[in-house]
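Encoded as structure tokens, the structure appears first; notes follow it.
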Amino acid sequence: MKELKQKLFSVLHDKVIRRKLIFTFFILFVFRVFAFLPVPAVDLARLRTLFDQNQFLSLLDIFSGGTLINFSVMALGLGPYINASIIIQLLTVVFPKLEELAKEGESGRAKINQYTRFLTVPITAVQSIGMYVLLQNQKVIPALNFIEFISFIVTLTAGTFILMWFGELISEYGLGNGISIIIFSGIVARIPVGLTKLVVTINQDTVVNFLILMVLALIVVYAVVFVNESVRRVPIFYAKRVRGNKMYQGATNYLPLKLNQAGVIPIIFAVSFVLFPQLIGNFLIYVKNPLISGIGTFLVSTFKSTGIAYNVIYFLLIFAFTFFYTIIVFSPQKISDDIQKNGGFIPGIRPGIGTKQYLEKILYRITTVGALFLGIIAILPSILSAATGIVSIAVGGTGILIVVSVVLETFKTMEAQLISKSYDKFGY
């Protein structure tokens with residue numbers, strides 16, 4: 001506790017970090033103002049009733065940063081940008097030119113970010129049209145003429161790009177990853193409302209279940225912190241070596257392999273895919289053709305967020321995307337080549353192909369555990385709702401994972417800056 005107080009004291013008295021904190025909170029304040037600036041012609045009372053009846057929209061609201069429930073000018077949130085990022089990452093694996101671009105360092109990443117922004121425009125427009133059709137069918141928004149309809153699309157598209165800009169400003173001038181912090185602030189802002197709804201639904205029959213739910217929530221937070229901080233250390237030995245006229249002494253180091261290499265990315269990927277059948281179903285259900293309308297009804301009922309099919313597919317997608325993303329961000333071949341070039345080796349393992357196979361074996365084992373953990377965390381709200389009978393859980397497993405991950409990463413960023421500043425004092 002004393003050490004934590006000292007760190008907080010150091011953070012608050014560091015001018016650079018304090019300035020970044022103030023800037024981050026200012027951007028978040030402006031974002032929350034925009035979150036309560038509704039698009040004209042939307043019946044907010046009907047919209048909130050629709051949200052209470054549809055957990056599909058509540059899940060979308062998490063990734064919109066809490067702007068969808070108020071249908072603000074940023075109602076679509078970062079969803080289109082996240083979808084564009086997923087598509088670009090998939091294309092990077094398929095097309096060699098994009099893969100080469102990704103390896104070019106800062107300039108390559110800047111070009112890929114530019115392509116992501118270009119792709120975000122049509123995705124945002126399509127989602128805006130889809131949202132308009134959905135809300136009009138639910139009598140939340142009246143029929144608009146052509147000019148009003150174009151204004152509606154342009155407003156939502158502009159809102160998404162302003163939100164992207166806010167995220168980039170936080171990443172560049174503030175603390176932490178801007179996109180993650182914006183999603184984090186939206187989840188945290190919904191906690192008081194969610195807790196109020198949860199407390200209101202409690203009665204004599206559910207009070208014991210409520211207490212069990214609170215204990216489980218603390219266990220989940222502990223588990224998330226434990227998994228995020230868990231690291232498999234692979235020992236690496238460096239023999240004595242001569243370079244030019246200098247002799248370098250042997251050394252021992254560790255290659256840290258995180259249990260959860262992918263973070264919350266697989267859940268975001270999986271949500272984008274698993275919500276698609278229900279989104280299509282919500283459109284088809286209002287078609288006059290009985291066959292097509294029946295297909296829409298089937299999709300909505302089968303893939304509702306409390307259904308077995310939804311949760312099974314959701315779990316499997318998270319498991320698959322965890323492996324997919326981990327393989328993209330961590331290359332055993334590259335790591336083994338770097339170790340060999342620097343004269344290092346893993347004790348008992350042959351350099352080169354042997355090291356690569358050994359790292360792959362470890363990576364697949366720990367990734368399996370991480371993927372199972374992410375999948376269980378994601379479907380945990382549905383399991384708890386079925387077990388306790390409490391439907392309105394304030395923050396689900398996905399929300400807890402995002403909140404805890406962002407808090408840990410932000411504190412690590414501040415600690416790293418403090419350490420780098422202490423090095424500067426010694427002239428390093």
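The values are calculated or read from the model by the stated rules, or taken from the named source; none is laboratory data. What you see is a predicted model; the values in this text were computed from it and never measured. With ideal geometry, Cβ positions are generated from the backbone for all residues, glycine too; neighbour counts draw on all protein chains shown. Areas reflect the complete protein model, heavy atoms only, side chains present, ligands, DNA and RNA absent. Shrake-Rupley method; radii C 1.70, N 1.55, O 1.52, S 1.80 Å.
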Subject >> the stretch 95-153 shape via C-alpha gyration tensor axes, a/c threshold 1.5 >> reply: prolate
Original post:
So what's the gap between the Cα centers of the stretch 297-338 and the stretch 119-170, to the nearest angstrom?
Top reply: 28 Å
Subject >> Peptides ranked, highest mean first, by Cβ atoms within 10 Å: ranges 327-337, 155-165 >> reply: 155-165, 327-337
Subject >> Rounded to the nearest 10 Å², the accessible area of Val154 at probe 1.4 Å >> reply: 90 Å²
Subject >> Stokes-Einstein D (µm²/s) once Rh is taken as the Kirkwood radius of the stretch 294-383 over alpha-carbon pairs, at 10 °C in 1.306 mPa s >> reply: 102 µm²/s
Subject >> Ranked by how many other beta carbons lie within 10 Å on average, peptides 217-225, 84-92, 376-384 from highest >> reply: 376-384, 84-92, 217-225
Original post:
So, with a 1.4 angstrom probe, what is the percent of accessible area on the stretch 303-380 that is carbon and sulfur?
Top reply: 66 percent
Subject >> Charge tally in the Cβ shell below 15 Å around Lys361, where Lys, Arg are +1 and Asp, Glu are -1, Lys361 excluded >> reply: +3
